[in-house]
Each structure stands twice: as structure tokens, then as C-alpha cells.
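Structure, as C-alpha cells:
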Amino acid sequence: MEVNILCIGAGYVGGPGMAVLAQKCPHCRVTVVDIDAKRIAAWNSDSLPIYEPGLEEIVLQTRGRNLFFSTAIERGIRENDIIFVSVNAPTKTFGVGAGMAADLHYWEKTARQILKHSQSPKIVIEKSTLPVKTALAMERILKGVGSGINFEVLSNPEFMAEGTAIKDLEYPERVLIGSRETESGLKARDTLVEIYLTWVPREKILTSNIWSSELSKLVANAFLAQRISSINAISALCEKTEADVGEVAKAVGMDSRIGPKFLQASVGFGGSCFKKDILNLVYLCRHYSLEEVAAYWESVVRINEYQQERFILNMLQAMFNTLSGKKICLLGFAFKANTGDTRESPAIFIARRLLEEKAEIVISDPHALTNARCDMEGVEGRISYEGNPYDALRGCHAIAVLTEWEQYRSLDFQNIFEGMVKPAFIFDGRNILDHQRCFDIGFNVYPVGKPPLTHF
Ligand SMILES: NC(=O)c1ccc[n+]([C@@H]2O[C@H](COP(=O)([O-])OP(=O)(O)OC[C@H]3O[C@@H](n4cnc5c(N)ncnc54)[C@H](O)[C@@H]3O)[C@@H](O)[C@H]2O)c1
């Protein structure tokens, strides 16, 4: 029997998520809709709107077979009984909770649209990351007017990470499905479990109550970000004490209770989720008068901001307390490797701060230059964009490595050094380069959380 599935929101989650679902479940007909007609046109073109390793191949296999991208939202709602919702819920920029709480207006709009256009029972699945208890609001909208149609709301948060999205979706470490514990809630849950069972082993599919599911996603992101801020806080101490954060992380991470992953000191975390989701958690804690808990999690975001500011101050100090008129190349603009996504990328902050110091910046990235141009639109200063790192670096005073792209490790630094202004500096915000070798070539090298290697 063909299963008809709709996904509202064709972004970084909806696009790859539904492409993999369509690939794994040939018996499902999957339609992805969005209000953004340009984004849908891009999904239907040869140039997909997002870069993710392996995504294009899957879209080419499935598009037009059992995967469809469309702007016909109302029709999509009418014709499909299982509806994933993966619209964005950014941090609110206005009114109560501005800068902290989730802006749920896209979410509520979608709920009302589903209510208005439904003619048959629907299972509505939260894929977006949302504050705990959002499903209750969704239920109240869907069930409040007595339309006579049964709606079941499930929570099925997405745990994939950009850059490894396809692998994460094909082989998830877990799939979490939260439901109401009523007869109809459990039945809806089982329908979704059945779909995932096509490619996910049973033991990796967790079921829970709906609030635990909603909260688990916020907590997972908060824990991940917390590890980054923890090692970054220690990197500041390492810089004062001649300890090496890499050595410390290795020694600490070999304790199996701690583990080695996510202990890489850097210029700080970015991405559309970590900051937004922690602030969301902080806001929820304050809402429930848990001030100490709120302050604890808020400090994870503060340390991240501190780390970025520290990076700039280190640059300034190392380059004789003036960056004015100096040409600095940002190697990497994406918030992490293997994605073109620049949302909340530390590179945005670093670029702006360098321009405030009247430096000239050259931005280089293999996949994020289009987004970088949008991010820097309207920002005053001398900015240029160059995909080829060798061209980008010619005539520069300094290199700031801001994304851990694999190809940066194997650049010909001898050749680069020869084309740069001397003394030449490297600020390795990701600790990915061979620092000793760069130093031997002649660079002054400033890693994060390690003693600098300088010729002065
Ligand atoms: N990006 C990630 O790595 C990631 C991972 C896990 C979870 N999430 C969560 O998933 C959600 C979506 O994230 P994303 O990165 O895909 O966001 P995104 O901004 O890339 O995509 C959201 C899409 O929803 C569309 N949209 C908004 N309102 C709509 C409406 N009323 N009808 C139809 N379309 C509408 C937007 O046009 C946009 O294309 C967020 O809650 C996010 O926190 C993201």
C-alpha cells in the first residue's frame, strides 16, 4: 500500500530528511512543500539549495519517482495523512522573550493551515526543535474548534548534524518518537515506527512520552554545546599556563566516562541550532522560576561569545595592536566543514570585528561564499570573496582559519608564505594545521589553547 507523506519546510532538515526517507521507502510517496518558491525551484533544479555530501545523488535517484518538491501547501495537506513539520522556529527578536524565546509564529501558522485544509484524519509530526509543551499548543489549535477530524500530534526530533546529514539519516544512532499515551496516540506512534523500521533497526527506535521527546532534543544540543564551551574555557587557561589543550583533551578524553569526542578547542561553535536551543532552554527554566538552572546553561553561550572575542583580541595583540589597513584572509566561512551553511558562524562575528578594526578582509570557502555574501551584505568595509585559497592569500598579512575544511590541511604553505606580507601570521581557530611545519616555513603561528610559535 502506498503511504502518502508530506513535509512542510524544505530546509536543511526537511530536504535531506525526506530525500533519505524517499530513498529508503519506495512504497512512500513523499512531497516536500515550502512557502519559499525560490527554494522549491532550487530543489527542482540541478543546483540544490543546500550543500551536503551525498545529498545530490539521493535527490537525483528519487526526485520525480517518489520524492516531489512543491509550493502547493494546501493541496499537500489535503492529499497526505502523515505530515512532518520542519519549519524554522528562530529566536524571537521582539516583545516578551526577545533574544531568548522561540519565535513560534511559523509554527502556529502551519498548525492553522493544517486545520483549515484537512478533510481527513492526520498524524502531525514535529520535526522542528521546539520548546517542551509546544505539542500541547499544536493540539489545542488543531482540536479546539471541533472540526470533527482526528489529529494526532507526535514529536520526532531530528538528531542529524549538518556535514554528516546523509550518513546520520541513513544510520541514525537513535530515532526518538514521543506520543500521547492514549489509544489513538499509541496507534499514531506505531504508524511512524513502522515507517522507520524499513531501514532503522528496532532497538534504535525509542518511544517516549511526548514531553520527554521534545525536551530531549533541546538537552542533546545543550550538552553538545556545553562540551565545546568546556574545552574552550580550558583553552583560555592553557594559553596562560603553557599547557597544550590538545594534550589535555587527549588525556581527559581517554577516560571512558568522558570520551574523546567534541573536545576540540576552537574559535567557538556556530550553526543555527546550538545557541538558539540553549537560549530556548534558558527561557523555559526562567519561565518555571529555575533561575540557577537557567544561569548554568546561559554560561555555555557566554563562554562561546568570550572565545570569539578572545580570538580577535589575540590577533590584535599579536599583530602589534593594530589591524588597520592590514589584509587578513578568513580561510573558511561555513560554521563547520562539509556544509555551505553559515548561520551563526563564528566567521560572521570575526569578519565584523576585523572590519571594525579597519582591516581589509578576503573571505574564502569552498561552499559557503554565496551565503557569506548575504551575511556580509550592508556591512561597511573592504571585503572581497575568493574561492581559490591561493588567490585569496596572495598579499595578505595574516590567515585566520575559521572552518576545519580538510583541504586546508594540505595547502602548500611554503608557496603561500612566499606571496604574503612579512611578518606573516597564522591564527588557527580550528587547530587543524601542522603548526611546527608552518613555523619552520617562517610563519608566526597562533593556535587555540597552545603556546604560540613565533620568530620574535
Ligand atoms: N539544521 C540542522 O542541522 C537541524 C538539525 C536538527 C533539527 N533542526 C531543527 O529543524 C527545524 C528546521 O531547521 P532547518 O535548518 O531545516 O531550517 P531552515 O530555515 O533551513 O528551513 C525551514 C524552512 O521552513 C520554511 N517555512 C517556514 N514557515 C513555513 C510555512 N508556514 N509553510 C511552509 N514552509 C515554511 C522556510 O521557508 C524554510 O525553507 C528547526 O527547528 C531546527 O532547530 C535543525
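The values are calculated or read from the model by the stated rules, or taken from the named source; none is laboratory data. Model, not experiment: these values are computed from the prediction. Here the Cβ is made from the backbone with ideal geometry for all residues, glycine too, and neighbour counts use every protein chain on show. Just the protein is used for accessible areas: all its heavy atoms, side chains included, with ligands, DNA and RNA removed. Shrake-Rupley method; radii C 1.70, N 1.55, O 1.52, S 1.80 Å.
The table below gives the values:
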item: Where a label projected 7 Å from the Cα of F223 along Cα→Cβ would reach, residues of the stretch 174-193 with amide N under 13 Å; result: 174
item: Cα-projected label distance for A72 with S120, points at 7 Å along beta-carbon direction, nm; result: 1.6 nm
item: Estimated FRET transfer efficiency (S299, T198; beta-carbon r; R0 30 Å; 0.05); result: 0.10
item: Exposure of H117 as accessible area (Å², to 10), given a probe of 1.4 Å and all protein chains; result: 30 Å²
item: Sparse-neighbour loop sites [chymotrypsin sites (Phe, Trp or Tyr not before Pro); the stretch 228-322; at most 12 other C-beta within 10 Å; DSSP]; result: Y288, F320
item: Unsatisfied cross-links (Cα-Cα over 31 Å) in the set K38/K133; K187/K275; K92/K327; K336/K450; K167/K326; K143/K217; result: K38/K133; K187/K275; K92/K327; K167/K326
item: The stretch 277-326, accessible surface, carbon-and-sulfur percent (1.4 angstrom probe); result: 59 percent
item: Net lengthening on full extension, Y171/N314 (0.36 nm per residue, minus Cα-Cα); result: 47.4 nm
item: Full-extension gain in nm, K38 to F439, via 0.36 nm per residue minus C-alpha separation; result: 139.7 nm
item: In sequence order, calculated HN-Hα J values of the stretch 172-183 (Karplus, 6.51, -1.76, 1.60; Hz; x Gly/Pro); result: x, 5, 7, 10, 10, 10, x, 9, 5, 8, 8, 4
item: The chain - accessible surface per residue (Å², probe 1.4 Å); result: 45 Å²
item: Tensor-based shape of the stretch 158-227 (alpha-carbon gyration tensor, a/c under 1.5 rounded, otherwise prolate or oblate); result: oblate
item: Residue-wise HN-Hα coupling along the stretch 141-149, computed from phi with Karplus coefficients 6.51, -1.76, 1.60 (Hz; x: Gly, Pro); result: 5, 6, 9, x, 8, x, 6, x, 9
item: Reachable aspartates and glutamates, given that their alpha-carbon falls under 13 Å from the alpha-carbon of K127 and they are not under 8 places away in the same chain; result: E158, E214
item: Dimensions (Å) - the stretch 228-296, Cα atoms, principal axes, largest first; result: 41, 26, 24
item: Approximate spin-label separation S324-D81, in nm, with each point projected 7 Å along Cα-to-Cβ; result: 7.1 nm
item: HN-Hα J in Hz across the stretch 393-398 - Karplus 6.51, -1.76, 1.60, θ = phi - 60°, x for Gly and Pro; result: 8, 5, x, 8, 8, 8
item: Built amide H within the under 5 Å cut-off of I125, gap 5+; result: I83, F84, V85, L154
item: Cut-off of 10 Å, at most 12 other beta carbons, DSSP loop: longest stretch of the chain lacking such GluC sites (Glu not before Pro); result: 3-172
item: P(r) histogram, all alpha-carbon pairs of the chain included - 20 Å bins from 0, percent; result: 23, 52, 23, 2
item: Carbon and sulfur %, accessible surface of the stretch 1-124 computed with the full protein complex present, 1.4 Å; result: 51 percent
item: Percentage relative contact order, the chain, counting C-alpha pairs under 8 Å, at least six apart; result: 12 percent
item: Extension reserve of the D46-N209 stretch, reckoned as 0.36 nm per residue once the Cα distance is removed; result: 54.6 nm
